[in-house]
Amino acid sequence: MTRADYEEVSRKALSLFEYGEHVASEHGLILVDTKYEFGKAEDGSIMLIDEVHTPDSSRYWIANSYLERFQNGLEPENVDKEFLRLWFKNHCNPYEDEVLPEAPEDLVCELSWRYIFLYETITKSKFEVLSSEEPIHERISRNVASALASLK
């Protein structure tokens with residue numbers, strides 16, 4: 001990565017984070033941290049190549065309880081997957097074990113609830129499981145193309 005590439009990626013990452021903070025704040029959340037993945041296209045241009053501000057790549061805290069909990073020395077109310085990561089860390093080595101244990105159903109349900117909570121909080125929409133015969137890859141591709149077109 002050249003210095004110019006680094007500066008461009010840094011500028012884009014900070015801009016994305018500022019936008020994410022704004023959206024989170026509008027919905028009663030604090031975007032604590034996140035990760036962005038960038039790559040280079042064949043023409044050398046810098047591209048964002050992965051998810052943005054999802055619960056897989058970001059941590060969110062509940063804004064209206066943050067200050068009181070902080071002042072009382074308590075952990076913030078969080079909406080992230082750290083609890084599940086810690087369970088795996090305590091039950092296996094997720095970076096070296098070839099086969100990981102199955103997570104307990106109650107933890108999987110809790111993770112699902114957190115993801116649905118974030119979806120409903122940020123979109124102000126009820127989460128619904130759609131039944132579709134359209135293959136998942138085609139549906140994702142169509143939805144991504146539609147979302148990108150709406151940004152133009």
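The values are calculated or read from the model by the stated rules, or taken from the named source; none is laboratory data. These numbers were taken from a predicted model, which means no experiment stands behind them. Neighbour counts run over all protein chains shown; Cβ positions are idealised from the backbone, glycine included. To get the accessible areas, we keep the full protein, side chains included, count just its heavy atoms, and leave off ligands, DNA and RNA. Shrake-Rupley method; radii C 1.70, N 1.55, O 1.52, S 1.80 Å.
Brief remarks follow.
- Taking every residue in segment 6-19 that is in contact (Cβ under 8 Å) with a residue 12 or more places away in the chain and pairing it with any residue that is surrounded by 11 or more Cβ atoms within 10 Å (Cβ to Cβ) and of a type in the set (Ser, Thr, Tyr), at least 6 positions away or on another chain, the pairs with Cβ-Cβ distances below 7 Å are ALA13/TYR36; LEU16/TYR36; PHE17/THR34.
- One residue stands out in segment 72-95 among those that are open to solvent by 40 Å² or more (accessible area, probe 1.4 Å) and closer than 21 Å to HIS22 by Cα: the one that is farthest from the chain's Cα centre (by Cα), namely GLU77.
- Here is the figure for segment 20-31: residues that are without any contact (Cβ under 8 Å) to a residue 40 or more places away in the chain and either part of a helix (DSSP H, G or I) or loosely packed, with under 15 Cβ neighbours inside 10 Å (or both) total 5.
- The criterion of at least 3 residues that are free of Cβ contacts under 8 Å to residues at least 40 places away in the same chain and of a type in the set (Val, Ile, Thr) is met by the following helices (runs of 4 or more DSSP H) wholly inside segment 54-152: 105-123, 136-150.
- Residue match in segment 53-71 (condition: acidic (Asp, Glu) and within 15 Å of the chain's Cα centre (by Cα)): yes
- The set of residues in segment 39-75 being in contact with a Phe, Trp or Tyr (Cβ under 8 Å, 6 or more places away or on another chain) and among the hydrophobic types (A, V, I, L, M, F, W, C) consists of ILE46, MET47, LEU48, ILE49, VAL52.
- Segment 127-152, subset open to solvent by less than 80 Å² (accessible area, probe 1.4 Å), out of contact with any Lys or Arg (no Cβ under 9 Å at 6 or more places or on another chain) and among the polar types (S, T, N, Q), residue nearest to ILE49 (Cα to Cα): SER141
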